[in-house]
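Derivation of every value follows stated rules applied to the coordinates shown; laboratory data play no part. Everything numeric in this text was worked out from a predicted model, so none of it was measured. Note: ideal-geometry Cβ built from the backbone for every residue, glycine included; neighbour counts use all protein chains shown.
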Amino acid sequence: MKTGLMGYFSNAPAASTGKKVLLIILGITLFVSLVLLGPIMALQQTVFNPDCVASYVNDIDVPAMTHSWLMENVAPRNPALAKSVELVVINFEPQIKEIMRSCVRSIYAYILDSLKKGKLLDTVTAQKPLVDDLTAHIQALMDLPILSPVFQMLGINAESVTKYIDISQINSLFDMLEQLAEIESLAVILMSGLVPLLLLVIALLAAIVLIARRPGFILGELGLISAISGIMQCIIILPAGNMVKSLISQFNLPSLIIDWMLRLVQDFSCIIMIYGGALLLAGVVLILIHSTMRRTGQ
């Protein structure tokens, strides 16, 4: 029995030419669907998953960051207070990280929701003016009755906060979001395409089985399609991920955001590798079973 796409012509069940052509079309469609399924599934688990991004907070060394800031801004005036705050941060680090995770999750979910609704560009446009008068907005926050005494005790003012903020980096982030808004239609398809694509794969498998009705043919051809689809994940998708990493490194963004974006690409690539490996393994198993059936004359 021949394998490969030409095997549809020579080894397909005795049927009309129309059915054989239909099997070829179904096989090619299944191949394309399996190749696309991996990236879309990986995107759902990483880029379009607020919980994934929020989990990166776990890698932040909060006590070290706090110590550096306190030594520069508070310790020169009040060493005892700086030490006390540092001890509080160390003791309550889990609770602080949980608050940070909640904030990151909410902000990221808000961005994704705006993207899905086609309102990301409007959201970015509305937030840009806040950056132009950042010092005034931070001062207004510090003047709140519940917060003002705390900031005064720590010797913190709006100027000391804004000197750590690079406005150009914030504007670069806005520019990146605006570019994302330009492809929002594609992003929406990727965000919501996993379930329809899974259903399509199941429907294609069922159609091939019902039309072919020859176990040897089905195992051989599905094994070949699965194996090639798995290999394609490594040939096409993974190099694309490395290209995206190179592009991200060129952005003028805060180092933390750059690190998180690179981490997203890395997690995306890992899922692709697992998915591609599983497809390749399944394909090899099916081909081996097919070969065994040929040798035994089944």
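Annotations for the structure displayed:
- The distance between label points at ASP113 and ALA282 comes to 3.5 nm (points 7 Å beyond Cα on the Cα→Cβ vector).
- Taking the Cα centre of region 25-171 as origin and assigning +1 to Lys and Arg Cβ atoms and -1 to Asp and Glu Cβ atoms, the resulting dipole is close to 300 debye.
- Here the chain is assigned +1 on the Cβ of each Lys and Arg and -1 on the Cβ of each Asp and Glu. Its dipole about the Cα centre then comes out at about 1940 debye.
- Taking a sphere under 11 Å around the Cβ of ILE211 and counting the other residues whose Cβ falls inside, with K and R at +1 and D and E at -1, yields a net charge of +4.
- Membrane-span-like helices in the chain, defined here as complete DSSP H runs extending at least 30 Å along the helix axis by their C-alpha atoms with mean Kyte-Doolittle hydropathy no lower than 0.5, are 17-45, 255-295; this is a sequence and geometry rule, not a statement about a membrane.
- With the charge dipole of region 78-185 set up from +1 on Lys and Arg Cβ and -1 on Asp and Glu Cβ about the Cα centre, the Cα lying farthest toward the positive end among the listed residues LEU173, VAL104, VAL131 is that of VAL104.
- Only Lys, Arg, Asp and Glu carry charge here, each on its Cβ (+1 for the first two, -1 for the last two); on that basis region 12-93 has a dipole of about 600 debye about its Cα centre.
- Of VAL62, GLN266, LEU26, farthest towards positive along the dipole that unit charges on Lys, Arg, Asp, Glu beta carbons give the chain: LEU26
- Other residues within the sphere of radius under 11 Å centred on the Cβ of SER172, judged by their own Cβ, net out at -3 (K and R +1, D and E -1).
- Multiplying the residue separation of LEU186 and ARG214 by 0.36 nm and removing their Cα-Cα distance gives an extension gain of 6.2 nm.
- Cβ-based exposure ranking for HIS67, HIS137, in which fewest neighbours within 10 Å come first: HIS137, HIS67
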